[in-house]
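Everything below concerns the one structure shown next.
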Amino acid sequence: MRVLTGIQASGKLHIGNYFGAMKPMVELQEEHELFTFIANYHSLTTSKDAETLKQYTIDAAVDYLSVGIDPQKTTFWVQSDVPEVLELYWILSKFTPMGLLERAHSYKDKVAKGIAANHALFSYPVLMAADILLYDTQKVPVGKDQIQHVEMTRDIATKFNNEYGELFILPEHMVQEEVATIPGIDGQKMSKSYGNAIDLFMESEKALQKRCNKIISSSTPLGEPLEWEGCHIYNLAALFLDEEGKKELQARYKSGKEGYGHFKKYLKELIWEELEEAREKRAYYLNHMDEVHDILAHGAAKARGIAQKKMEQVREAIGL
Ligand code: ADP
Ligand code: TRP
C-alpha cells in the first residue's frame with residue numbers, strides 16, 4: 001500500500017509534528033511503501049525570505065532522517081524538486097469549486113489568526129491534492145486538522161474522474177486517535193505559528209526544562225491534590241506513557257505530595273529520553289550534510305519518474 005505525507009518546512013519541528021506525523025510514519029515504513037517530502041512550496045505561503053526557507057527545508061530533512069526515516073525504505077525528497085506537482089495543481093484547480101475552498105477550516109483559522117490572505121494560502125488544499133494524487137497515494141497519515149484537506153482531495157479527484165476517466169485513486173486519511181491533537185504550552189493545538197510549541201531538538205536539557213516550565217497550569221498550592229484531567233502537563237506526559245505509566249502519574253497528581261514543578265521536571269525527562277537516539281543521529285547527519293543532499297536527490301529522481309508518467313496520462317486525458 002502506498003502511503004504519502006508532506007511536512008511543512010516553515011519552522012523548527014515540534015512535539016506535535018513528532019507524535020502527529022513523524023512517529024506514526026516511521027512506524028509505517030516497516031510495512032508500507034512510504035513517500036514523504038518537505039513541502040517547501042506550501043511553506044512559501046508563510047515564508048519571509050529565501051535564506052530562511054532554504055534553511056528550514058534542510059533542517060526538516062535532517063530532523064526527519066534523525067527520528068528514523070530510512071532512505072532505504074522510504075522515498076524522501078523536497079517538494080520543489082518535482083515541479084510536475086505544480087502543473088497538476090493548475091489542472092486540478094479546474095475541478096475545485098470555490099465553495100469547497102471557502103469552507104476550509106485551516107484557511108479560515110489562519111486568516112482569523114491574522115495571517116494575510118493571499119491566493120496561495122487560499123488554494124493551498126489544491127496543491128496538497130496534487131501532492132497526493134500525483135503519486136497514486138492510497139493512505140495519508142495526518143493530524144486531525146488536515147483531515148478536511150484529504151477529504152477535499154477525494155472530492156477533487158472524484159470530479160476529475162467523473163469527467164475525464166478514472167485516473168486518480170481516492171486517498172484515505174489515517175489518524176491515530178489518541179494522538180489526534182497535541183496541545184502546546186498554552187493548551188491550544190501545538191503549532192509553530194502559534195508560538196506555543198515545544199521544539200523537538202532543544203539545544204540542551206536545561207533549555208528544554210525552561211520551555212516545560214512555561215506550560216500553563218492552574219494555581220493549586222503545593223500540598224493539595226491536583227487535577228490531572230485537563231492538565232496540559234499531564235496531557236503531554238501521557239503521550240510518552242503506557243496505560244500503567246498513566247495510572248501511576250494520575251496517582252502522583254492525586255497524592256498531593258508533588259506540585260506542578262515536579263511534573264514539569266518529569267515531562268522534561270520523558271521528552272529528553274525519548275529523543276536520545278534521534279539526537280545522536282542528528283549530530284551525525286549535521287556532520288555529513290553531503291549524505292543528506294544525496295538522499296534527497298535520489299528520492300527526488302525516483303518521485304519525479306513516477307510523477308512524469310502520471311502527468312503524461314493526465315495531459316493525454318484532458319487534451320493538452
Ligand atoms: P504547524 O501547525 O506547527 O505549522 P504543520 O502544519 O507543519 O505544523 O504540521 C505538520 C504535520 O504535523 C501535519 O501532519 C500536522 O497535522 C501534524 N501536526 C502539527 N501540529 C500537530 C498537533 N498539535 N497535533 C497533532 N499533529 C500535529
Ligand atoms: N498541509 C500539510 C500540513 O500542513 C503538509 C502537506 C502538504 C501534506 N502536502 C501534503 C500532508 C500531502 C499530507 C499529504 O501538515
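The values are calculated or read from the model by the stated rules, or taken from the named source; none is laboratory data. Treat the numbers as computed from the prediction; the structure is a model and nothing was measured. Note that we place each Cβ from the backbone using ideal geometry, even for glycine, and neighbour counts take in every protein chain shown. Side chains are part of the model used for accessible areas, which takes the heavy atoms of the whole protein and leaves out ligands, DNA and RNA. Shrake-Rupley method; radii C 1.70, N 1.55, O 1.52, S 1.80 Å.
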- What whole number of Å gives the distance from the Cα centroid of region 70-136 to the Cα centroid of region 278-308? 23
- On the full set of protein chains, 1.4 Å probe, figure out the accessible area of GLU205 and give it in Å² to the nearest 10. 80
- Item | Cα long-axis angle, helix 260-274 against the chain (0 to 90 degrees, to the nearest 10) | 50
- Item | Residue-averaged [θ]222 nm for the chain, counting only DSSP H segments that reach four residues, each worth -39500 (n - 2.57) | -16500 deg cm²/dmol
- Item | Residue order for LYS159, LYS12 - accessible surface, 1.4 angstrom probe, largest first | LYS12, LYS159
- Message: Sorted from largest to smallest, which semi-axis lengths in Å does the alpha carbon gyration tensor of region 221-320 give for its equivalent ellipsoid, taking the root of 5 times each eigenvalue?
- Response: 49, 21, 10
- State to the nearest 20 debye the size of the charge dipole of region 55-108 about its Cα centre, where the only charges are +1 on K and R beta carbons and -1 on D and E beta carbons. 320
- Task: Please identify, among GLU163, GLU244, GLU27, the residue showing maximal mean-square fluctuation in a Gaussian network model of the chain using a 10 angstrom Cα cutoff.
- Result: GLU244
- Expected sort for 187-196, 127-136, 306-315 on mean C-beta neighbours within 10 Å, highest first, is 127-136, 187-196, 306-315
- From the phi of every residue in region 166-174, what ³J(HN,Hα) in whole Hz does the Karplus formula 6.51 cos²θ - 1.76 cosθ + 1.60 yield, where θ is phi - 60° and glycine or proline is x? 6, 8, 10, 7, 7, x, 10, 7, 10
- Order of exposure, largest accessible area first, which applies to LEU239, LEU65 with probe 1.4 Å: LEU239, LEU65
- Mean 1/r over distinct Cα pairs of region 205-274, inverted to a Kirkwood Rh in Å, yields 12.1
- Message: Not counting ligands, DNA or RNA, and with a 1.4 Å probe, what is LYS113's accessible surface area in Å² rounded to the nearest 10?
- Response: 110
- Message: Could you compute how much accessible surface HIS288 exposes when probed at 1.4 Å, giving the result in Å² to the nearest 10?
- Response: 70
- Item | Integer Hz, Karplus 6.51/-1.76/1.60 couplings in order for region 93-103, x for Gly and Pro | 4, 5, 9, 10, x, 4, x, 4, 5, 5, 8
- Cα shape, region 165-295, gyration tensor, a/c 1.5 rule: oblate
- Query: Among LEU44, LEU208, what's the order by accessible area (1.4 angstrom probe), most exposed first?
  - Reply: LEU44, LEU208
- Item | ILE182 long-range amide H proximity, modeled H, under 5 Å | MET190
- First select every other residue whose beta carbon is under 12 angstrom from the beta carbon of VAL292; then total the charges, Lys and Arg +1, Asp and Glu -1. -3
- Query: Quick one: helix 147-164 against the long Cα principal axis of the chain, what's the angle to the nearest 10°, folded into 0 to 90?
  - Reply: 10
- Task: Compute the long axis of helix 289-318 from its Cα atoms, compare it with the longest principal axis of the Cα atoms of the chain, and write down the angle in degrees, 0 to 90, nearest 10.
- Result: 40
- Item | For the chain, the fraction of alpha-carbon pairs in successive 20 Å shells from zero, as % | 30, 55, 15, 1
- Query: Quick one: Kirkwood hydrodynamic radius for region 35-175, alpha-carbon pairs, angstrom, one decimal?
  - Reply: 16.0
- Item | Distance histogram for region 84-153 (every C-alpha pair counted, 5 angstrom bins, percent rounded to whole numbers) | 3, 16, 28, 25, 19, 7, 2, 0
